[in-house]
1. Using only protein heavy atoms and a 1.4 Å probe, report how much of LYS123 is accessible, in Å² to the nearest 10.
2. What lysines sit close enough to LYS25 to cross-link, taking a C-alpha to C-alpha distance under 20 Å and skipping anything fewer than 8 places away on the same chain?
3. Just by accessible area at a 1.4 angstrom probe, what is the order of CYS89, CYS41 from largest to smallest?
4. What residues qualify as long-range amide H neighbours of ASP48, i.e. H under 5 Å apart, gap of 5 or more or another chain, H built at 1.01 Å from N?
5. Tell me which lysines have Cα within less than 21 Å of LYS83's Cα, excluding those fewer than 8 residues away on the same chain?
6. Given the whole protein assembly as supplied and a 1.4 Å probe, what does the accessible area of SER69 come to in Å², nearest 10?
7. Could you state how much accessible area PHE43 has, in square angstrom rounded to the nearest 10, with a 1.4 Å probe and all protein chains kept in place?
8. What list of ³J(HN,Hα) couplings, whole Hz, do you get for region 33-43 from phi and the Karplus terms 6.51, -1.76, 1.60, once you set θ to phi - 60° and write x for glycine and proline?
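The values are calculated or read from the model by the stated rules, or taken from the named source; none is laboratory data. Everything numeric in this text was worked out from a predicted model, so none of it was measured. These area figures cover heavy atoms from the full protein model, side chains too; ligands, DNA and RNA do not enter into them. Shrake-Rupley method; radii C 1.70, N 1.55, O 1.52, S 1.80 Å.
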Amino acid sequence: MKDSWASCEDFFLLCRLTKDTARFKDELDIMKFICKDFWTCVFKKQIDNLRTNHQGIYVLQDNKFRLLSQLSAGNQYMEHAPKYLAFSCGLVRGGLSNLGVKSIVTAEVSVMPACKFQVMIQKM
């Protein structure tokens, strides 16, 4: 039930964000959209860095991830970080799915509040 609710929310958010956007020409264009428009709408800032190996793996770096910055700048709350990252991974995966891209999204934190999201595109 929760997954379908999140997917529905992602769908409506993406419809609103993409209504005035030209069609995406490739996977990289979609990822740039996620890093700029989608991330700004959800987290009030753009991704700080996007990297790719041009083989379907993208790394999104957020140096001051909004959901973690409110916990602490130290490492004493590091054990709570995965809860916040799981939600965000689901948002990204749902957003990509609604744009026709099947993916696996994982996240890691080495120093709070920075985090990296890894997006692996699954070819259909």
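1. Estimated to the nearest 10 Å², LYS123 gives 150 Å².
2. Answer for LYS25, where 20 Å is the Cα cut-off: LYS36, LYS102, LYS123, listed by chain and number.
3. Numbers: CYS89 15, CYS41 40 Å².
Descending accessible area places them as CYS41, CYS89.
4. HN-HN under 5 Å from ASP48: GLN61, ASP62, ASN63.
5. Straight-distance partners of LYS83: LYS2, LYS44, LYS45, LYS64, LYS116.
6. Answer for SER69: close to 40 Å² accessible.
7. In the full protein context, PHE43 sits at about 10 Å².
8. Each residue of region 33-43 in turn: 4, 4, 6, 9, 5, 4, 5, 5, 5, 7, 10 Hz.
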